[in-house]
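Engineer: The structure that follows is given in the form of structure tokens.
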Amino acid sequence: MKKIKKNKYVWEMQEVCVKEAALKYEVSLIVPDHKKLPDLKIVGFKSDDVMGQVAELHEGLPAGMVDALGRELEVSRKELARIAGVAERTLIRKIQVGRLTTDQSERMTRVARLLTRAIEVLGNKERALLWLKAPRSYFGGKPPLSFADTELGCQEVFNLLGRIEYGVFS
């Protein structure tokens with residue numbers, strides 16, 4: 001391990017990777033042990049392969065995943081509906097029916113994947129929730145979770161998490 005001093009802080013260098021992005025985004029410099037991470041089974045796909053999961057999305061996922069995802073994110077149904085870009089009243093009707101539509105299933109799965117990825121990168125659920133809910137300058141002062149309502153916005157949050165994971169300064 002080689003230490004490089006720069007102004008008021010020290011960068012740690014391991015082989016060729018400088019973890020400077022962690023300083024800007026106020027995350028731990030400790031690389032998480034991926035084997036100890038909790039396995040979030042919020043979505044609860046029956047199939048292990050992608051084609052089977054796509055078929056399950058087309059059928060519509062069980063409505064119980066909405067409340068499970070809300071508990072994991074520590075938000076209300078109303079807030080989760082806003083995050084996922086789904087009308088709250090429509091979501092409540094689908095919960096009563098017991099099955100989400102294909103679009104709603106995909107949107108809830110997108111939010112669940114985002115939470116899981118944030119936990120992988122940041123090391124634990126508490127840090128992930130704090131990072132996802134706090135305003136970030138990269139996103140124009142908005143929290144990353146507010147970009148989960150569109151595929152493009154969610155992909156940009158995934159991209160930033162990847163840069164944080166690999167120490168790319170952005």
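Engineer: So for the range 33-162, if I pair up every lysine 8 or more residues apart or on another chain, how many of those pairs have alpha-carbons under 18 Å apart? Walk me through the numbers before you get to the answer.
Structural biologist: On the way: K35/K125; K36/K125; K41/K125; K78/K94; K78/K133; K125/K133; K133/K142.
Lysine pairs meeting both conditions in the range 33-162 amount to 7.
Engineer: Another question, if that's okay. Give me the one-decimal nm value for the distance between modelled label points at A87 and E120, 7 Å along each residue's Cα-to-Cβ direction.
Structural biologist: Distance between the two pseudo-spin positions: 3.5 nm.
Engineer: Between Q96 and D49, 0.36 nm times their residue separation minus their Cα-Cα distance comes to what?
Structural biologist: Values: separation 47, 0.36 × 47 = 16.92 nm, distance 2.90 nm.
This chain segment gains 14.0 nm when fully extended.
Engineer: Sticking with this structure for a sec: Once amide H atoms are placed 1.01 Å from N in the peptide plane, what residues at a sequence separation of 5 or more from R99, or on another chain, have their amide H within under 5 Å of its amide H?
Structural biologist: Result for R99 returns A63.
Engineer: So, how do all the Cα-to-Cα distances of the range 33-162 break down into 10 Å bins, in percent, from 0 on up?
Structural biologist: Result returned by the calculation: 13, 44, 35, 8, 0.
Engineer: With contacts defined as alpha carbon pairs under 8 Å and 6 or more residues apart, what's the relative contact order of the range 33-162 in percent?
Structural biologist: On the way: 136 pairs, mean separation 31.9, N = 130.
For the range 33-162, the relative contact order is 25 percent.
Engineer: What is the extension gain from N159 to Y138, computed as 0.36 nm multiplied by their sequence separation minus the C-alpha to C-alpha distance, in nm to one decimal?
Structural biologist: Values: separation 21, 0.36 × 21 = 7.56 nm, distance 1.16 nm.
Result: 6.4 nm gained on full extension.
Engineer: If you don't mind, another one. Roughly how far apart, in whole Å, are the Cα centres of the range 36-115 and the range 131-147?
Structural biologist: One Cα centre to the other: 22 Å.
Engineer: Give, as a single signed number, the net charge of other residues whose beta carbon lies under 15 Å from the beta carbon of T102, with Lys and Arg counted +1 and Asp and Glu -1. Write down the numbers at each step before the final one.
Structural biologist: Details: positive: K94, R99, R107, R110; negative: E56, E59, D103, E106, E151.
So the surrounding residues net to -1.
Engineer: Check which residues have an amide H placed less than 5 Å from R136's amide H, if you skip close sequence neighbours.
Structural biologist: Answer set, sorted by chain and number: G141, K142.
Engineer: Using θ = phi - 60° and the Karplus form 6.51 cos²θ - 1.76 cosθ + 1.60, what ³J(HN,Hα) does each residue of the range 64-70 get, whole Hz, x for Gly and Pro?
Structural biologist: Residue by residue, the range 64-70 yields x, 5, 5, 5, 4, 5, x Hz.
Values quoted throughout were computed directly from the atomic coordinates according to the rules given, and no laboratory measurement underlies them. Model, not experiment: these values are computed from the prediction. Because the Cβ atoms are built from the backbone with ideal geometry, glycine has one as well, and the counts that use them run over all protein chains shown.
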